[in-house]
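Q: What follows is a single structure, and I will ask about it in a moment.
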Amino acid sequence: MERQDAGDLVAFLAVARAASFTAASVKLGISSSALSHLIRSLEERLGVRLLNRTTRSVSPTEAGQKLIATIGSRFDEIDLAMEALGELRDKPAGNLRITATEYASQAILLPALKKFLPNYPDIKVEVIVDYGLSNIVADQYDAGIRPGELVDKDMIAVRISPDLRMAIVGSPEYFADRKKPKVPRDLTQHNCLNLRLPSHGGLYAWEFEKAGRPLNVKVDGQLTFNSASALLAGALQGFGLAYLQEGQVRPYLAEGRLIRVLADWCEPYAGYHLYYPSRRQISPAFALLVEALRYRSRPAAHHRRD
């Protein structure tokens, strides 16, 4: 294929990813009719249909999906290489997309961004809250944030927090007429607030460990939420027990608004890490953000991944 055909491929990727000729034409700065002509020319040249078109949607055919899988990442690498030319500018610039849990975004990411972003006004950061194990390559994120033990081995992982602990908490109102659980199996006698994982649809199992013995417990209760902040609100209002990050409930424990139980079953685990593909060329803007997030204190050697 001749070099000038790259424009057709760029047009195809834009339409396939936007699932819309109108949205893609706005992004590329050309008319919808001109964009449609580019796609038709590419399909005629290749001899296959690349897009299924209806009055309401546009989606890639099987041939289109194969073409996306082949060329998509390569054009992304070209975009990153072009963005990396920002090193020649006085002010780094670029758009960064990061996926993280609600607590990680509030407790780790936002405090770092508060110091970081004022120094780099041409850098924009989009934060997507997600409790699932997102595929950051397929979903086109620059990076994700997870506990270190959940980061795939083919990723570069940079520690951005100390080790973490979970906490089981309930309000004084909830415990007014109930016995506190002494071991995890006692949770079957309690009204527990469940967290549903949006990307998987299942309920999050509460994880415990004591003396090196791991134990997962599927709890039951009348209320299920899809965010940690809702779990916290439910616990504070006396609906039941919640399984939350220790840092999230610490102020309420100090104020006496929450009571902690089963603390000896909640052992520390690997802290949050920022992770990204090892083979992806990183932009100057992203490199600066990594350094702004990097955890500076000396972490435990067996948890370190970066």
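The values are calculated or read from the model by the stated rules, or taken from the named source; none is laboratory data. Keep in mind the model is a prediction, meaning the values are calculated, not measured. Quick reminder, even Gly has a Cβ in these numbers, built from the backbone with ideal geometry, and neighbours come from all protein chains shown.
Q: May I ask you to verify whether residue 301 is more than 19 Å from the chain's Cα centre (by Cα), loosely packed, with under 13 Cβ neighbours inside 10 Å and modelled with pLDDT of 95 or more?
A: So residue 301 fails the test.
Q: Considering 144, 170, 221, 234, which residue is of a type in the set (Gly, Ala, Ser) and at pLDDT below 95?
A: Details: 170 fails: at pLDDT below 95; 221 fails: at pLDDT below 95; 234 fails: at pLDDT below 95.
Residue meeting the stated conditions: 144.
Q: Something else about it: Could you list, ordered by first residue, the pairs with Cβ atoms under 6 Å in which the first is in segment 38-58 and touching a residue at least 12 places away in the same chain (Cβ under 8 Å) and more than 12 Å from residue 21 (Cα to Cα) and the second is of a type in the set (Asp, Glu) and part of a helix (DSSP H, G or I), at least 6 apart or interchain?
A: Between residues of segment 38-58 that are touching a residue at least 12 places away in the same chain (Cβ under 8 Å) and more than 12 Å from residue 21 (Cα to Cα) and residues that are of a type in the set (Asp, Glu) and part of a helix (DSSP H, G or I), the close pairs are 42/8; 49/43; 50/43.
Q: In segment 232-272, what residues are surrounded by 16 or more Cβ atoms within 10 Å (Cβ to Cβ), assigned to a helix (DSSP H, G or I) and either assigned by TED's automatic domain parsing to the domain that holds residue 112 or more than 19 Å from the chain's Cα centre (by Cα) (or both)?
A: Result: 232, 234, 235, 236, 246, 247, 249, 252, 265.
Q: Have a look at 141, 204 and point out the one that is in the same structural domain as residue 291 (by TED's automatic domain parsing), of a type in the set (Ser, Thr, Tyr), touching a Lys or Arg at 6+ places or on another chain (Cβ under 8 Å) and surrounded by 14 or more Cβ atoms within 10 Å (Cβ to Cβ). Before the answer, list the steps.
A: Numbers: 204 fails: in the same structural domain as residue 291 (by TED's automatic domain parsing).
After applying the criteria, what remains is 141.
Q: Which ones in segment 66-96 are among the charged types (D, E, K, R) and either modelled with pLDDT of 75 or more or closer than 25 Å to residue 15 by Cα (or both)?
A: First, pick out the residues of segment 66-96 that are among the charged types (D, E, K, R): 66, 74, 76-77, 79, 83, 87, 89-91.
Within segment 66-96, 66, 74, 76, 77, 79, 83, 91 meet the criteria.
Q: Among the numbered criteria (1) closer than 23 Å to residue 227 by Cα; (2) assigned to a strand (DSSP E or B); (3) modelled with pLDDT of 90 or more, which single criterion is violated by residue 157?
A: Of the numbered conditions (1) closer than 23 Å to residue 227 by Cα; (2) assigned to a strand (DSSP E or B); (3) modelled with pLDDT of 90 or more, the odd one out for residue 157 is (1).
Q: What single numbered condition from (1) buried (at least 18 other Cβ atoms within 10 Å of the Cβ); (2) touching a Lys or Arg at 6+ places or on another chain (Cβ under 6 Å); (3) part of a strand (DSSP E or B) fails to hold for residue 126?
A: If we test residue 126 against (1) buried (at least 18 other Cβ atoms within 10 Å of the Cβ); (2) touching a Lys or Arg at 6+ places or on another chain (Cβ under 6 Å); (3) part of a strand (DSSP E or B), just (1) comes out false.
Q: Let me ask something else about it. Any idea how many residues of segment 19-36 are surrounded by 14 or more Cβ atoms within 10 Å (Cβ to Cβ), free of Cβ contacts under 8 Å to residues at least 24 places away in the same chain and under 15 Å from residue 58 (Cα atoms)?
A: Residues flagged as surrounded by 14 or more Cβ atoms within 10 Å (Cβ to Cβ), free of Cβ contacts under 8 Å to residues at least 24 places away in the same chain and under 15 Å from residue 58 (Cα atoms) within segment 19-36 amount to 5.
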